[in-house]
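Okay, structure first, notes after.
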Amino acid sequence: MPTIRRLSAMEILDSRGRPTVACECELASGAVAAASVPSGASTGAAEALELRDGDPKRYRGLGCRKAVGHVNGPIAAALAGKAFETQAALDERLIALDGTPTKSRLGANAVLAVSIAFARASAAERGVPLYQHFADMLGLPLATLPRLTVNLFSGGKHAGGQVEIQDVLIVPASAKTIDEGLATIFAVYYAAADLTSKKYGVRSLKADEGGLAPPFPNVEAAFDDAVAAIKAAGFEPGRDVAIALDVASSHFFRDGRYHLGGAALDSAGMIERVGSWVKRYPIVSVEDGLSEDDWSNWPPLRRSLAGKALTLGDDFLCTNPARITRAIDAKAADALLLKVNQIGTLTEAAKACRLARAAGWRVTVSARSGETEDNWLADLAVGWGGDQIKIGSIAQSERLAKYNRLLAIEAQAKLPVVAWPG
Ligand code: 2PG
Ligand code: MG
């Protein structure tokens, strides 16, 4: 049984140069492993609390010394020398130690760093790959690899706000392997970079997740260029390469209206707008098409997209079992965006995943816009049977670390990629 000998944390920097938490966990068996946690920018209001120091003189208040101190102090003191038969036992102890609904006392960043470092050390103790350990945690057989959904164009909070919506992603829908999927993405990404730099006369800037951010005049221009890039790369839009959106609409919803392209749409108008995009373009998944608290309008949004595109909840659900249960009951979505740091422990995220699956939903396992070079996300997506994975563009090492890990898992586990939902 894994017995914790030592826990220690330190502050490291993420892909935006902001502090985050890394934790090392050593077990009595000698197994030792480290993990670090990501951080979002377009965060949902219902997310677990990421504890920041708030000292404006250091990292604009974003320091993580308090969270690190909580791992090295009270968490280490409570857990050292203790045995935990399961991940759930460890996580329940962490939740009790924090004692708040949003992990605001110890910080979700502190708690999650311990949760993942313990999982990795436990996998090492068992002598199994991390993806296998994650599968066993959920009691699932290893069956598939997730389908890639990769940022092509970025706007909203991850870019300079050129367009309101946050991500136009491409999906290598007909690729049989991760390897083939990445080669497909490469072809489209560079076709898009060539096309937009010619069209707009500038070398495209890259957004937080490596997506291209040319000065599009409006959202539809970004969709047109995505379709053009897919064709220019020699693929058939919709059949070989499809489009997925992260509308991230909570971030342009103010005073009851969606402020999009000069218009101020009400919820019905927003549903209509999203519907018109899905009709005109090969869009197969729509994330946060409505704002996180626009509960009564999510069911009509889902109905209007049913059979054409997934209704995927990110800020709307926040990987939070209570919100997911409410959304299942209301038939408000049919897919979950799963980000473990929105909830703060692996066990609670696993519960979110189970709930979504039991309702027949699809699951997209997602990175954050602030990431580190850690690659546990790839193992998690495989182990938990994610239908899709969303990591960011094929740019920047914090993204490539996960893509390269998927390639390594594919080579080792020889699993097929999930078929795109028809
Ligand atoms: C999202 C994520 C990842 P952030 O909205 O889906 O793209 O962004 O991590 O900033 O919340
Ligand atoms: Mg999102």
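The values are calculated or read from the model by the stated rules, or taken from the named source; none is laboratory data. Worth saying up front: this structure is predicted, and the values here are computed from it rather than measured. Counting neighbours? That spans all protein chains shown, and the Cβs are built from the backbone with ideal geometry, glycine included.
Couple of notes before you dig in:
- Residues of the stretch 349-376 that turn out to be out of contact with any strand residue (DSSP E or B) (no Cβ under 7 Å at 6 or more places or on another chain) and either assigned by TED's automatic domain parsing to the domain that holds Ala113 or within 13 Å of ligand 2 (Cβ to nearest atom) (or both), as a count: 1
- Filter result (surrounded by 22 or more Cβ atoms within 10 Å (Cβ to Cβ), within 22 Å of the chain's Cα centre (by Cα) and polar (S, T, N, Q)) within the stretch 164-204: Gln166, Thr184
- When residues of the stretch 294-319 are limited to those that are of a type in the set (Asp, Glu) and within 16 Å of the chain's Cα centre (by Cα), the one surrounded by the most Cβ atoms within 10 Å (Cβ to Cβ): Asp314
- Asp255 vs. criteria away from ligand 1 (no atom under 16 Å from the Cβ) and assigned by TED's automatic domain parsing to the domain that holds Lys279: yes
- Output for the stretch 308-348, where each listed residue is within 16 Å of ligand 2 (Cβ to nearest atom) and closer than 26 Å to Phe84 by Cα: Thr319, Asn320, Leu338, Lys339, Val340, Asn341, Gln342, Ile343
- Enumeration of residues in the stretch 205-218 that are away from ligand 1 (no atom under 16 Å from the Cβ) and either surrounded by 20 or more Cβ atoms within 10 Å (Cβ to Cβ) or among the acidic types (Asp, Glu) (or both): Pro214, Phe216
- Inter-residue pairs, beta-carbon under 9 Å, first assigned by TED's automatic domain parsing to the domain that holds Thr364 and in the stretch 280-309, second among the aromatic types (Phe, Trp, Tyr) and modelled with pLDDT under 95, 6+ apart: Val284/Trp420
- Residue match in the stretch 111-123 (condition: small (Gly, Ala, Ser) and either surrounded by fewer than 18 Cβ atoms within 10 Å (Cβ to Cβ) or outside the structural domain of Ala35 (by TED's automatic domain parsing) (or both)): no
- Out of Leu245, Leu265, sole residue that is within 13 Å of ligand 1 (Cβ to nearest atom) and in the same structural domain as Asp224 (by TED's automatic domain parsing): Leu245
- Close pairs from the stretch 83-100: first closer than 15 Å to Cys25 by Cα, partner at pLDDT below 95, Cβ under 9 Å, at least 6 apart: Ala83/Met1; Phe84/Met1
- Residues that are touching an Asp or Glu at 6+ places or on another chain (Cβ under 9 Å) and either modelled with pLDDT under 95 or away from ligand 1 (no atom under 16 Å from the Cβ) (or both) within the stretch 298-319 comprise Leu301, Arg302, Ser304, Leu305, Ala306, listed in sequence order.
- Inter-residue pairs, beta-carbon under 9 Å, first outside the structural domain of His251 (by TED's automatic domain parsing) and in the stretch 25-42, second acidic (Asp, Glu) and modelled with pLDDT under 95, 6+ apart: Ala41/Asp208
- Residues satisfying the stated conditions in the stretch 204-227, i.e. of a type in the set (S, T, N, Q) and touching a residue at least 40 places away in the same chain (Cβ under 8 Å): Asn218
- Filtering the stretch 124-151 to residues that are aliphatic (A, V, I, L, M), surrounded by 24 or more Cβ atoms within 10 Å (Cβ to Cβ) and over 24 Å from Asp246 (Cβ atoms) leaves only Leu130.
- Among the residues of the stretch 252-269, those that are within 25 Å of Pro282 (Cβ to Cβ) and within 16 Å of ligand 2 (Cβ to nearest atom) comprise Phe252, Tyr258.
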